[in-house]
Amino acid sequence: MLTKADTSPQALTYSSDLVPAPRPEVDFTVSERTRERIKRAVPESTQRAYGRHLARFETWCRENGRTAYPCSDETLAEFVSHLCDCDLSVSYIDQAIAAIRTAHRMRGFAHQPGTTAARLVLRTHRKDKAAAGVRTKQAPPIVLDILRKMIDATQADTMLGLRDRALLVLGFALMGRRSELAALNIDDITETDDGLLILIRKSKTDQDAKGEEVAIPRGVHAATDPVRVVRAWLATLAEKGITEGRLVRSVDRWGNPRNAISENGINAAVRAAAVRAELPKAETYSAHSLRAGGATAAYKGGAPVSQIARHGRWAENSPVVHKYIRAVDQWDDNPMRGVGL
């Protein structure tokens, strides 16, 4: 035991009394409740996608006699090459790499496996696809004139039509992700003299669920005024005795509102509205088209990029926002405009 005379830095550094005792095994275990909370911290859509990637990876490892956890850099590169041979998209393979890295980190294998070789394989795959004329598929933006065509093709006197009007206008004005639209509750909507205040309780850029209120001004056209279309939908729900719970709901074939709509259901609803409006390539539209269209329209209307990013809950300096802006600028600021061709 140290005495008062043995308090020099050397004595404190080398004293056997400071050697930590062996830690009990319980120090490295968590309860089922804790495990479940850790799992729920990750969005369900991400869990499902990562789960599919990991199942495929683990099966491939077993069939090829390779170790899945921790896997070597070479194993990851070979698996990525296998996915390239299956002619899968670059975005799919990129997500697979992220899933494998995340699974390793959760198992205590931080920074494993290395991705340098795998990324080089993926780069070659991207070049091969470009050389073959394959382009990355992107949902076309629903800009204002397209939104109006879709609204005009909905019936304002039916439950489905009122639901779709509220979904389309909110998705556009909120620049909402489909997960945000699916999660909206009736009491998340507050009408004010200026418009609507909408509480987004959690978003992709707010995984800690601090919440954010988004202001949506009143519109100037009755069919696309967020206040009027949401008010009409809420009134119709109230007539059916629904005054709480999810805002956006599925509607059965008899015109009755049912349970909360899924994220895939929201995509299907947007696509169906595009088909009704007889838009070209209607099958390519999705909920993301509303988000992209809202950002595009805001920029065309003169809104600063910083305001668009904040309103749409994009991360600061998000390359996605700048992609929408470039799509506008390539025509508005085109250097060949006015040269006399």
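The values are calculated or read from the model by the stated rules, or taken from the named source; none is laboratory data. All figures in this text were calculated on a predicted structure; none of them were measured in a lab. Ideal geometry is used to build each Cβ from the backbone, glycine not excepted, and the neighbour counts take in all protein chains shown. These accessible areas exclude ligands, DNA and RNA; they are computed on the full protein's heavy atoms, side chains included. Shrake-Rupley method; radii C 1.70, N 1.55, O 1.52, S 1.80 Å.
Please compute the Kirkwood hydrodynamic radius over the chain, one decimal place, Å, based on all pairs of different Cα atoms.
Across the chain, the inverse of the average 1/r is 24.0 Å.
Label Ser318 and Arg119 with points 7 Å out from Cα along Cα→Cβ: what is the distance between them in nm?
Placing both labels 7 Å along Cα→Cβ, they lie 2.3 nm apart.
Tell me which aspartates and glutamates have Cα within less than 19 Å of Lys281's Cα, excluding those fewer than 8 residues away on the same chain?
Asp145, Asp152
Just to verify a number: FRET efficiency for Thr243 and Arg201, C-beta to C-beta distance, R0 = 25 Å, to 0.05?
Once the sixth-power term is evaluated, E becomes 0.85.
Give the ranking of Phe28, Phe57 by solvent-accessible surface, highest area first, calculated with a 1.4 Å probe.
Descending order: Phe28, Phe57.
What do you get for the angle between helix 159-174 and the principal long axis of the chain? Use alpha-carbon atoms, 0 to 90 degrees, nearest ten.
60
Which ³J(HN,Hα) values, rounded to whole Hz and listed in residue order, are derived for segment 276-284 from phi using the Karplus coefficients 6.51, -1.76 and 1.60 in 6.51 cos²θ - 1.76 cosθ + 1.60 with θ = phi - 60°, glycine and proline given as x?
4, 7, 6, 6, x, 6, 4, 5, 8
Using only the heavy atoms of the protein chains and a 1.4 Å probe, how would Arg271, Arg105, Arg291, Arg249 rank by accessible area, largest first?
Arg105, Arg271, Arg249, Arg291
Can you figure out the FRET efficiency of Asp157 with Arg310, using R₀ = 35 Å and their beta-carbon distance, to the nearest 0.05?
Efficiency for this residue pair is about 0.40.
Can you give the calculated 222 nm mean residue ellipticity of the chain, where each DSSP H run of n ≥ 4 adds -39,500 (n - 2.57) and the sum is split over every residue, rounded to the nearest 500 deg cm²/dmol?
-16000 deg cm²/dmol
Hey, for a label at Asp333 modelled as a point 7 Å past Cα toward Cβ, could you say which residues of segment 292-311 have their backbone N under 19 Å away?
Backbone N within reach: 295-310.
Specify the residue with the greatest mean-square fluctuation among Pro22, Pro113, Pro141, computed from a Gaussian network of the chain linking alpha-carbon atoms under 10 Å apart.
Pro22
With +1 on the Cβ of every Lys and Arg and -1 on the Cβ of every Asp and Glu, and nothing else charged, how large is the dipole of the chain about its Cα centre, in debye rounded to the nearest 20?
In debye, rounded to 20, the chain gives about 580.
Given R₀ = 25 Å, FRET efficiency for Arg107-Thr59 by Cβ-Cβ distance, to 0.05?
0.90
So how strong a dipole does segment 233-308 carry about its Cα centre when Lys and Arg Cβ are +1 and Asp and Glu Cβ are -1, to the nearest 20 debye?
The dipole magnitude comes to about 80 debye.
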